[in-house]
Amino acid sequence: MTAGNAVPELDPVIHAQARLRVVAALNTMGSGDEITFPALKDLLGMTAGNLSVHLTKLEDAGYVQITKTHKGRTPVTYVALTKRGRLAFDDYTKAIRALLDSAGGTP
Amino acid sequence: MVDDGERVPSPEETLRLIEEQQAATVRRFRGDPLFMYVPWGVAWLVGFTCFFLHYGLDGKPYAPISQNQALTVLMIFQLIAGSLCAYEITRMNIGVRGDTTAKGAMYGYAWFAGMVVMSVIAIRVSPMLPEAESGLLWAGISLLVVGVLYMTGGAIFLFWPMFFLGIGISAVNGLGVLLGPGWHALLTAVLLGFGQIVVGLWLRRRRCP
């Protein structure tokens, strides 16, 4: 099976390399954990602008929660995966594995 | 369809990408074994070797090292190990908040409480014992706290190697206490000190991409 006939069955919000990495990273953290924007940027090796764009798309889909707060006088932005985001990532990985199984491929 | 042209090429590559990102995230938040385990292994290997040379297996010292000198060496190396471990834990927690951070804080307080109560018990009881038995009491109950808290840490953070390390520490500690001060120091230095260095290096090698 090729990516061409696999794409329509997958969640288009997650099925973009940058957003997939964002969701995979956030999903690896505990469900009650949040990470600051700079820490997530460093972890992913993305630029602030690029990450910001992808986080907005994920937030619009209800997959991430962005909390803006202050630590002392410094503004801090925390990012966390929502329950909906976790379910979407779970469904996405199941779909990918199903595609591999149906194609007889190995991960 | 993907809306920004950043399409993932194939299911195989997608799955690999997910696994690589998950591994990188675990590396970021689990800490470097070179800081978390290896320094403690070195401290125990060096410190308890000094105690072993002081006690000897048959009650006769193998080297002119006093108990206070052995204790000083062990404490200096443990202080260095503790500092490296604290540095790594601080680095792991930069930029994160939530349940895992709270668990880590409570786990840290448990270490502090365990060591304080252990010291109180040892300070109260050790004057009643001969020198060698007093040293065995300190070493035995401190390793009891360490073994139990390693197992607890493994359970809290769902990290089996840490849990098994706790089991190993407890088993070696129990056996060593039964055999006496010299054997306890020898087993702790070799099996737990050297063993923890090996485990730390193995974990470090396993986490590298």
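Would you please name the trypsin sites (Lys or Arg not before Pro) within the range A:34-107 that are DSSP coil residues with at most 15 other C-beta atoms within 10 Å of their C-beta?
On the way: sites: A:Lys41, A:Lys57, A:Lys68, A:Lys71, A:Arg73, A:Lys83, A:Arg84, A:Arg86, A:Lys94, A:Arg97; in loops: A:Arg73.
Sites meeting the loop and neighbour criteria: A:Arg73.
What value, in deg cm²/dmol to 500, does the helix sum -39500 (n - 2.57) over DSSP H runs of n ≥ 4 give at 222 nm once divided by the residues of the protein assembly as shown? Please report the intermediate quantities before stating the final value.
Values: 14 runs with 220 residues, N = 316.
Taking each H run of at least 4 residues, the total per residue is -23000 deg cm²/dmol.
Rounded to the nearest 20 Debye, what is the dipole magnitude of chain B about its Cα centre when Lys and Arg each give +1 and Asp and Glu each give -1 at the C-beta? The partial results should precede the final answer.
Numbers: 14 positive and 13 negative charges, 52 e Å.
Magnitude of the dipole: close to 260 debye.
Return the average number of partner chain Cβ atoms within 10 angstrom of each residue Cβ along peptide A:34-46.
Values: counts 7, 7, 4, 1, 2, 4, 3, 1, 3, 7, 3, 1, 0.
Taking all residues of A:34-46 together, the mean is 3.
Using a 1.4 Å probe on the heavy atoms of the protein chains only, list every residue of the range B:87-114 that has 40 Å² or more less accessible area in the complete assembly than in its chain alone.
Buried by 40 Å² or more upon assembly, which counts only protein chains, are B:Gly95, B:Arg97.
Where does the protein assembly as shown land on Rg(C-alpha)/(2.2 N^0.38 Å)?
In units of the globular-protein estimate, the protein assembly as shown measures up at 1.28.
At a probe size of 1.4 Å, how large is the accessible area of A:Asp60, to the nearest 10 Å²?
Counting only protein heavy atoms, A:Asp60 exposes about 120 Å² to solvent.
Expressed as an acute angle from 0 to 90° and rounded to the nearest 10, what is the orientation of the C-alpha long axis of helix A:83-103 relative to the principal long axis of chain A?
Here the helix axis deviates by roughly 20 degrees.
Could you please put B:Ile197, A:Ile96 in sequence from largest to smallest accessible area, using a 1.4 Å probe?
Numbers: B:Ile197 25, A:Ile96 0 Å².
Largest to smallest exposure gives the sequence B:Ile197, A:Ile96.
With a 1.4 Å probe and all protein chains in place, put B:Val38, A:Val22 in order of accessible area, largest first.
B:Val38, A:Val22
Please state the equivalent ellipsoid semi-axes for the range A:3-101: what are the square roots of 5 times the Cα gyration tensor eigenvalues, largest first, in whole Å? Write down the numbers at each step before the final one.
Working: eigenvalues 143, 36, 23 Å².
Result for the range A:3-101: semi-axes of 27, 13, 11 Å.
Quick one: with all protein chains in place, what share of the accessible area of the range B:30-207 is carbon or sulfur, to the nearest percent (1.4 Å probe)?
76
Quick test of the membrane-span-like rule: which DSSP H helices of chain B reach at least 24 Å along their long axis (C-alpha atoms) with mean Kyte hydropathy at least 1.6? Kindly include the intermediate steps, with their values, before the conclusion.
Working: long enough: B:11-30 (28 Å, -0.96); B:38-55 (25 Å, 1.31); B:67-93 (38 Å, 0.67); B:99-125 (39 Å, 0.91); B:131-156 (37 Å, 1.32); B:160-179 (29 Å, 1.68).
Membrane-span-like by this criterion, though nothing is claimed about a membrane: B:160-179.
Relative contact order (percent) for the range B:30-207, with alpha-carbon contacts under 8 angstrom and 6 or more residues of separation?
On the way: 219 pairs, mean separation 62.8, N = 178.
Once normalised by length, the contact order is 35 percent.
Once the convex hull of the C-alpha atoms of the range B:56-209 is built, how many Å³ does it hold per residue, rounded to a whole number? Spell out each step's value before the answer.
Values: hull volume 19.0 nm³, N = 154.
Once divided by residue count, the hull of the range B:56-209 is 123 Å³.
Give me a single rounded figure for A:10-22: the average over its residues of other chain Cβ atoms within 10 Å of their Cβ. Intermediate values should be presented prior to the final figure.
Values: counts 6, 1, 5, 2, 4, 7, 7, 10, 2, 5, 6, 8, 1.
Taking the mean over all residues of the peptide, I get 5.
Using only the alpha-carbon atoms, how far is helix A:48-60 inclined from the longest principal axis of chain A? Give it as 0 to 90 degrees, nearest 10.
Roughly 70 degrees between the two axes.
At 1.4 Å probe size, put B:Trp44, B:Trp183, B:Trp111 in order of accessible surface, largest to smallest. All intermediate terms of the calculation are to be shown ahead of the outcome.
Details: B:Trp44 10, B:Trp183 100, B:Trp111 65 Å².
The most accessible residue leads, giving B:Trp183, B:Trp111, B:Trp44.
Probe of 1.4 angstrom, ligands and nucleic acids ignored: what's the accessible area per residue over the range B:30-207, in square angstrom? Don't skip to the answer; put the middle values down first.
Details: 9420 Å² over 178 residues.
Solvent-accessible surface per residue comes out at 53 Å².
Quick check: at a probe of 1.4 Å, how many percent of the accessible area of the range A:3-101 sits on carbon and sulfur atoms? Intermediate values should be presented prior to the final figure.
Details: 2330 of 4610 Å².
Carbon and sulfur: 51 percent of the exposed surface of the range A:3-101.
For the interface of chains B and A, what total accessible area is buried with a 1.4 Å probe, rounded to the nearest 100 Å²?
Between B and A, the summed buried area is about 2900 Å².
The values are calculated or read from the model by the stated rules, or taken from the named source; none is laboratory data. Source: prediction; values computed, not measured. For neighbour counting, all protein chains shown are included, and Cβ atoms are generated from backbone atoms with ideal geometry for every residue, glycine included. Heavy atoms of the whole protein, side chains included, go into the accessibility calculation; ligands, DNA and RNA do not. Shrake-Rupley method; radii C 1.70, N 1.55, O 1.52, S 1.80 Å.
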